[in-house]
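Okay, so here's the structure we're looking at.
Every number here is computed from the coordinates shown, using simple stated rules; none is lab data. Just so it is clear, the structure is predicted and the values come from calculations on it, not from any experiment. All Cβ positions, even for glycine, are placed from backbone atoms using ideal geometry, and neighbour counts span all protein chains on display.
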Amino acid sequence: LRPRVVFSGIQPTGVPHLGNYVGALRQWVNLQRDEQPSTKLIYSIVDLHAITVPQKPETLRQRKREVLAALLAIGLDPERCTIFYQSSVPAHSELMWILACTASVGYLSRMTQWKSKLSLASSSTLENKSVGSRLKLGLFSYPVLQAADILVHRATHVPVGHDQQQHLEFARECVTNFNHAYGNHLVHPETIVSPAQRIMSLTEPTSKMSKSHEAQRSRILITDSPQDIRSKIATALTDSTPGISYDPATRPGISNLLEIFSVFDTEGRNPAQLAQAYADASPKIFKEAVADALLTGLQGIRDRYLDLSANDSYLDKIEQHGARKAQESAKETMDIVKTAVGL
Ligand code: ADP
Ligand code: NA
């Protein structure tokens, strides 16, 4: 029986926001508890993916470090998991090339994210004929790198949001193509579909909380100070309906705050139960309660993050430890793959 191997990646875009935490990272931590000890948990900070769009070198270096510290701060255990920078394991890029040689251009060009980038580029004011030269090959081919990330560690399970399901399907296609050409060597990964909980923007609660939104007040970073949390929650957009009730369709702002409250409620109440408990509260009182729960819930993460950020040599050690473990895991696959291909 093949051991379970879970792989997931996060872009080095700095300290995660509450949406990243609730929608993805919290599951990474829970898997430490929910999976058997024999399951390998492999989490990568995917810096090679980050450079598909322009990056300032100093900023990228700093953001990688911030994400590493944040992953440790939320409770990932570097002994239980393999936590590493993607670029520390050259096998990711190497396998990407090998997969690219059996991957279909047609399939890649039909992928939704590429098509939306393509139409965005061709609808911009610059002349159409320059579109091809402004779109980068890396952006087109990054699903192949994503496939390599998963396959190089022989991952059996990949937690994905529904926005990433097409990319996992493509990774499975890469396995089929490779195995068809060279024999049955790569493993088809399965998805772990986690209960998709979406946190919405605080200033525009009909769209999801995202780092790409201009307004800083639209999102809470998991390391925000208590003052910042209070002030962002206090100015969160709600509505003029009196009282508190849970109805995401007609009261997106209030409902989003109830969702956030529920994540951090020490009594474990769901949004509807919290709405009942605060039914007659004023928006001000309700928001204060949300902020209280949130800053209590995030306090430990923030404290650990600040400690870790001040401890460069510890982070260096963790980084090297993770890189070594990930290199070993990748080498097993590369030996098999290279032998199969004749390299
Ligand atoms: P962003 O929208 O800030 O650019 P990413 O696209 O980098 O975030 O998402 C990283 C991970 O966090 C993904 O797994 C994604 O599904 C999850 N995620 C991002 N924003 C949210 C959100 N508002 N609510 C829940 N999950 C989210
Ligand atoms: Na995004």
Problem - Dipole of the chain [Lys/Arg +1, Asp/Glu -1 at C-beta], most positive-end residue of L108, L202, S225 - result: L108
Fill in the blank from the handout: Among S231, S38, S104, the residue with the largest mean-square fluctuation in a Gaussian network model of the chain built from Cα contacts under 10 Å is S38
Exercise for the section: Give me the orientation-averaged projected area of the Cα convex hull of the range 216-306, in nm², one decimal. Expected result: 5.6
Fill in the blank from the handout: By the C-alpha gyration tensor axes a ≥ b ≥ c (rounded if a/c is under 1.5, else prolate when a/b exceeds b/c, else oblate), the shape of the range 103-241 is oblate
Fill in the blank from the handout: Summing +1 per Lys or Arg and -1 per Asp or Glu among the other residues with Cβ less than 14 Å from N20's Cβ gives +3
Exercise for the section: Under a cut-off of 19 Å between alpha-carbon atoms, report the aspartates and glutamates in cross-link reach of K136, not counting same-chain residues fewer than 8 places apart. Expected result: D47, E127
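Hey, what's the Cα Rg ratio for the chain versus the globular rule of thumb, 2.2 N^0.38 Å?
In units of the globular-protein estimate, the chain measures up at 1.08.
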Exercise for the section: Take peptides 240-251, 199-210 and line them up by average Cβ neighbours within 10 Å, highest first, as a rough protection proxy. Expected result: 199-210, 240-251
Practice task
For the range 301-318, just list the computed ³J(HN,Hα) in residue order, Karplus coefficients 6.51, -1.76 and 1.60, θ = phi - 60°, integers in Hz, with x standing in for Gly and Pro.
Solution key: 4, 4, 4, 5, 4, 5, 4, 4, 4, 8, 10, 4, 5, 5, 4, 4, 4, 4
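For the pairs K287/K317; K40/K317; K115/K211; K117/K338; K56/K325, note any where the Cα-Cα span goes beyond 32 Å.
K287/K317; K117/K338
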Completion exercise
Summed over the other residues with a beta carbon less than 14 angstrom from that of Q276, with K and R at +1 and D and E at -1, the charge totals -3
Fill in the blank from the handout: The answer for the net charge of residues other than K64 whose Cβ lies under 14 angstrom from its Cβ, with Lys and Arg +1 and Asp and Glu -1, is -2
Handout entry: Within a Gaussian network of the chain (alpha carbon springs, distance under 10 Å), most fluctuating of A24, A272, A147
Key = A272
Fill in the blank from the handout: Under the helix-only model (-39500 (n - 2.57) for each DSSP H run of 4 or more, divided by the residues of the chain), the mean residue ellipticity at 222 nm, to 500 deg cm²/dmol, is -16500 deg cm²/dmol
Practice task
Please get the size of the charge dipole for the chain, origin at its Cα centre, with Cβ charges of +1 on Lys and Arg and -1 on Asp and Glu, quoted in debye to the nearest 20.
Solution key: 700
Practice task
Would you mind telling me the antiparallel percentage of the DSSP bridges in the chain, rounded to 5?
Solution key: 10
Fill in the blank from the handout: In a Gaussian network model of the chain with springs linking alpha carbons closer than 10 Å, the residue among L315, L145, L95 that fluctuates most is L315
